[in-house]
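The values are calculated or read from the model by the stated rules, or taken from the named source; none is laboratory data. Here the structure is a predicted model, which means the values were calculated and not measured. Counting neighbours? That spans all protein chains shown, and the Cβs are built from the backbone with ideal geometry, glycine included.
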Amino acid sequence: MAVMEFDDAAAERLESMYLTLDLDAQRQDTMQRLALKPGEHVLDVGSGPGFMCRQMAEAVGPSGRVRGIDLSSVMVDRASNRNSYEWLSYGEGDATALPEDDQSYDVVASVQVAEYVPDTQRLCAEAFRVLKPGGRGLIMATDWDTVAWYTEDRSRMRRVLDAYKPHCAHARLPQKLVPLLREAGFTVDGVSIYAIINLNWDDVCYSPRNVEFMAGYIRGQGTLDEVELQAWKEELRELGALGRYFFSLSRTIFEVSR
């Protein structure tokens, strides 16, 4: 298994996805669920390009504190270079050994990160450790078995999706996360689905941007040849031009408290 690593090129592809209308809407939904208050201390585990951290900083204001932690030095540097808030900071760190004090945060969030961490049990334990009593958290993860992507070549689509699944450590994490959260000490207050649905092949949509991200990973692993990857991408473009494009993906949201 070769989990995704981020060089500058991969970081650029990831950021282009995060700037789509679909992921902007996902961030807005996440922020509504978190319902941050002025003065709260918030930790974003796996903060990536820092787009959500900026919104968190705006919500808690200068009397609060937001800390973004990411394993990738490339992502930390890019997020730090965009930062304009004194009460927002970023640091490099492992989700299974957070460089933070016990019971130091009112809110802990981890969005689209947990499936990339091999030791999910330790991630849950660390999130619980740094959360204050009475604090709350949100973890979002994708089950890649939920992808529905229209194609007239189902066998090729299956080969592409199978070649992409090893980009994360746990491609079906939502199916087994609740017991791990409870074992860590959390109360699981709610589990719900956030769906991404695309009916158009358009750069402002998540799935067309993710095609380039997926192709970059698969190409790097050498699991499919370039001819097949190009044929896959071209069919999707053609379906879009014909008005027959369809993509959907379900992400599971776990709202927890201590």
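Only one entry in 70, 102, 77 is under 20 Å from residue 16 (Cβ atoms) and in contact with a helix residue (DSSP H, G or I) (Cβ under 7 Å, 6 or more places away or on another chain), namely 70. Of the residues making up the stretch 6-23, not a single one is more than 13 Å from the chain's Cα centre (by Cα) and modelled with pLDDT of 95 or more. Every condition in (1) among the hydroxyl-bearing types (Ser, Thr, Tyr); (2) under 21 Å from residue 31 (Cβ atoms); (3) modelled with pLDDT under 95 is met by residue 217 except one, and the failing one is (2). Before we move on, is residue 241 out of contact with any helix residue (DSSP H, G or I) (no Cβ under 7 Å at 6 or more places or on another chain) and surrounded by fewer than 17 Cβ atoms within 10 Å (Cβ to Cβ)? Against the criterion (out of contact with any helix residue (DSSP H, G or I) (no Cβ under 7 Å at 6 or more places or on another chain) and surrounded by fewer than 17 Cβ atoms within 10 Å (Cβ to Cβ)), residue 241 qualifies.
Could you tell me whether residue 142 is surrounded by 15 or more Cβ atoms within 10 Å (Cβ to Cβ), within 25 Å of residue 32 (Cβ to Cβ), modelled with pLDDT of 95 or more and of a type in the set (Ser, Thr, Tyr)? Against the criterion (surrounded by 15 or more Cβ atoms within 10 Å (Cβ to Cβ), within 25 Å of residue 32 (Cβ to Cβ), modelled with pLDDT of 95 or more and of a type in the set (Ser, Thr, Tyr)), residue 142 qualifies.
Residues that are charged (D, E, K, R), crowded, with 19+ Cβ neighbours inside 10 Å and part of a loop (DSSP other than H, G, I, E, B) within the stretch 17-51 comprise just one, 40. Among the conditions (1) within 20 Å of residue 168 (Cα to Cα); (2) in contact with a strand residue (DSSP E or B) (Cβ under 7 Å, 6 or more places away or on another chain); (3) not hydroxyl-bearing (Ser, Thr, Tyr), residue 74 misses just one, which is (2). Selection of the stretch 199-218 for residues being assigned to a helix (DSSP H, G or I) and out of contact with any strand residue (DSSP E or B) (no Cβ under 7 Å at 6 or more places or on another chain) yields 208, 209, 210, 211, 212, 213, 214, 215, 216, 217, 218.
For (1) among the acidic types (Asp, Glu); (2) in contact with a Cys (Cβ under 7 Å, 6 or more places away or on another chain); (3) under 23 Å from residue 205 (Cα atoms), each residue gets a yes or a no:
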residue	(1), (2), (3)
24	yes, no, yes
30	no, no, yes
34	no, no, no
43	no, no, no
62	no, no, no
65	no, no, no
72	no, no, no
77	yes, no, no
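Consider the stretch 220-254 and keep the residues that are touching a Pro at 6+ places or on another chain (Cβ under 8 Å), assigned to a helix (DSSP H, G or I) and not small (Gly, Ala, Ser). The one that is modelled with the lowest pLDDT is 221.
Listed here are the residues, each with its yes/no results for (1) farther than 22 Å from residue 29 by Cα; (2) out of contact with any Asp or Glu (no Cβ under 6 Å at 6 or more places or on another chain); (3) among the charged types (D, E, K, R).
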{"residue": "64", "(1), (2), (3)": "no, no, no"}
{"residue": "68", "(1), (2), (3)": "no, no, no"}
{"residue": "91", "(1), (2), (3)": "yes, yes, no"}
{"residue": "98", "(1), (2), (3)": "yes, no, no"}
{"residue": "114", "(1), (2), (3)": "no, yes, no"}
{"residue": "117", "(1), (2), (3)": "yes, yes, no"}
{"residue": "155", "(1), (2), (3)": "yes, yes, no"}
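Residue count for the stretch 68-98, restricted to those that are crowded, with 18+ Cβ neighbours inside 10 Å and among the charged types (D, E, K, R): 2. Has the stretch 176-198 got any residue that is of a type in the set (S, T, N, Q), in a strand (DSSP E or B) and surrounded by 13 or more Cβ atoms within 10 Å (Cβ to Cβ)? Yes, some residue in the stretch 176-198 is of a type in the set (S, T, N, Q), in a strand (DSSP E or B) and surrounded by 13 or more Cβ atoms within 10 Å (Cβ to Cβ).
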